[in-house]
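S.K.: One structure coming up, written as structure tokens, with questions to follow.
The values are calculated or read from the model by the stated rules, or taken from the named source; none is laboratory data. Quick caveat, the model's predicted, so the values are computed rather than measured. Cβ: placed from backbone, ideal geometry, glycine included. Neighbour counts: every protein chain shown. All accessible areas refer to the heavy atoms of the entire protein, side chains included, with ligands and DNA or RNA removed. Shrake-Rupley method; radii C 1.70, N 1.55, O 1.52, S 1.80 Å.
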Amino acid sequence: MIPFTYQLADSAEDAVRTLAGRSDAVFLGGGTNLVDHMKLGLVAPKLVVDISRLPLTGITPTADGGLRIGANERNTEVAVDPVVRSRYPALARATLSGATGQLRNLATTGGNLLQRTRCVYFQDVTTPCNKREPGTGCSALGGYVRYHAILGASEHCVAVHPSDMAVALAALDAVVVALDRDGEHRIPVTDFYRMPGDHPERDTVLPDGALITAVELPPPPERARSEYRKVRDRASYAFALTSVAAELVVDDGIVSSARIALGGVAHGPWRARVAERSLIGAAATEANYARAAAAELEQAKPLQGNEFKIGLTRGAITATLLALGGEGA
């Protein structure tokens, strides 16, 4: 057992002050990711600041007709909330797709967004990993890559982000609300995650010592329908080989609005901007959905061993859009 100091935060501001300037301190929410990493020896914080009892909960309407979800709201509560289920079904289904019921009962919204990759090399401290120890190399290159990236990767890291919830939030144009010493920050989920580049050790753009306090969703467009589809090796407790969160509006057989994000294929949720542009103003047909998916994946760079993800993702995008928009619906 590696000893550490435990401290219960009195307020969000107190938690931020406590972590300020300390690289050896961490926040503890649900603990479903952090505790695993401490057991594996991936992290060894000297100070653990417990934020789980802070009043950062609740699912409440915003002034513009959207929704605010507290960072400490448990995943189960998000998934079963009647407003989430009726207005943001992609988010409800994505959240239900993650982990197991027991973990969802404990995991928090903020923690879900900040969970780290499940790359087998990242979690094995006996192997080189640039994400865990910058400059040591990437063991996945030339190794087992079935679950690894086909979009946005670099020579330094090919890991993918494991969150299902984050993919839906990216498609729904959600915003992360965070607090640090300089005050409150609002970061679109589409800008929140970094592609690995030369610094894969940094997963997000969140300032050091910042605390996520909430996630806010804008009101969905009128007549919008959303869906989340996850393709995995087994039906429960498995991470995505690929996943699609999509929101679509079809007017008189023409796509007037399209928002699409992909999971299991990149270092963070991958917003499918190319596919979206291809769809706007196009007829709502299976052929056009497939064409948009193919256009998005022209930039894919699979590794030897995960080439199948291109076809799998193309099919998942097409099937999800067809379920939402139908043939000329």
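S.K.: What are the semi-axes of the equivalent ellipsoid of segment 145-241, taken as the square roots of 5 times the eigenvalues of the Cα gyration tensor, listed largest first and rounded to whole Å?
M.R.: 24, 22, 12
S.K.: Could you rank Lys46, Lys39, Lys230 by how accessible they are, 1.4 Å probe, largest area first?
M.R.: Order by accessible area, largest first: Lys39, Lys46, Lys230.
S.K.: Counting only helical runs of four or more DSSP H residues, what would the 222 nm mean residue ellipticity of the chain come to if each run contributes -39,500 (n - 2.57) and the total is spread over all its residues?
M.R.: -7500 deg cm²/dmol
S.K.: Before anything else, pin down the relative contact order of the chain: Cα pairs under 8 Å, at least 6 apart, normalised by residue count, whole percent.
M.R.: Reported as a whole number, the value is 17 percent.
S.K.: Continuing with this model, one more query. Share of antiparallel DSSP beta bridges in segment 15-139, in percent to the nearest 5?
M.R.: Approximately 55 percent, going by the DSSP bridge assignments.
S.K.: Based on the Cβ-Cβ distance of Arg53 and Asp124, what FRET efficiency does E = 1/(1 + (r/R0)^6) give at R0 = 51 Å, to the nearest 0.05?
M.R.: 0.90
S.K.: Something else: Among 177-185, 209-217, what's the highest-first ranking by average C-beta atoms within 10 angstrom per residue?
M.R.: 209-217, 177-185
S.K.: Considering every pair of different Cα atoms, what Kirkwood radius, in Å, is found for segment 92-205?
M.R.: 15.4 Å
S.K.: Any idea how far apart Arg202 and Arg234 come out in nm if each label point goes 7 Å out from Cα toward Cβ?
M.R.: Between Arg202 and Arg234, the label points sit 3.8 nm apart.
S.K.: Over the chain, what is the percentage of antiparallel beta bridges among all DSSP beta bridges, to the nearest 5?
M.R.: In the chain, approximately 85 percent of DSSP beta bridges are antiparallel ones.
S.K.: Arrange the peptides 67-79, 118-130 so that the one whose residues have, on average, the most other Cβ atoms within 10 Å appears first.
M.R.: Ranked by mean Cβ neighbours within 10 Å, highest first: 67-79, 118-130.
S.K.: Apply the a/c threshold of 1.5 to the C-alpha gyration tensor of segment 1-134 and tell me whether it is rounded, prolate or oblate.
M.R.: oblate
S.K.: Can you give me the solvent accessible area of Thr117 with a 1.4 Å probe, rounded to the nearest 10 Å²?
M.R.: Around 10 Å² of this residue is reachable by solvent.
S.K.: Looking at the square roots a ≥ b ≥ c of the eigenvalues of the Cα gyration tensor of segment 280-329, which shape do they give, rounded for a/c under 1.5, prolate if a/b is larger than b/c, or oblate?
M.R.: Verdict is prolate for segment 280-329.
S.K.: Taking a probe of 1.4 Å, how large is the accessible area per residue of the chain, in Å²?
M.R.: Per residue, the chain has 43 Å² of solvent-accessible surface.
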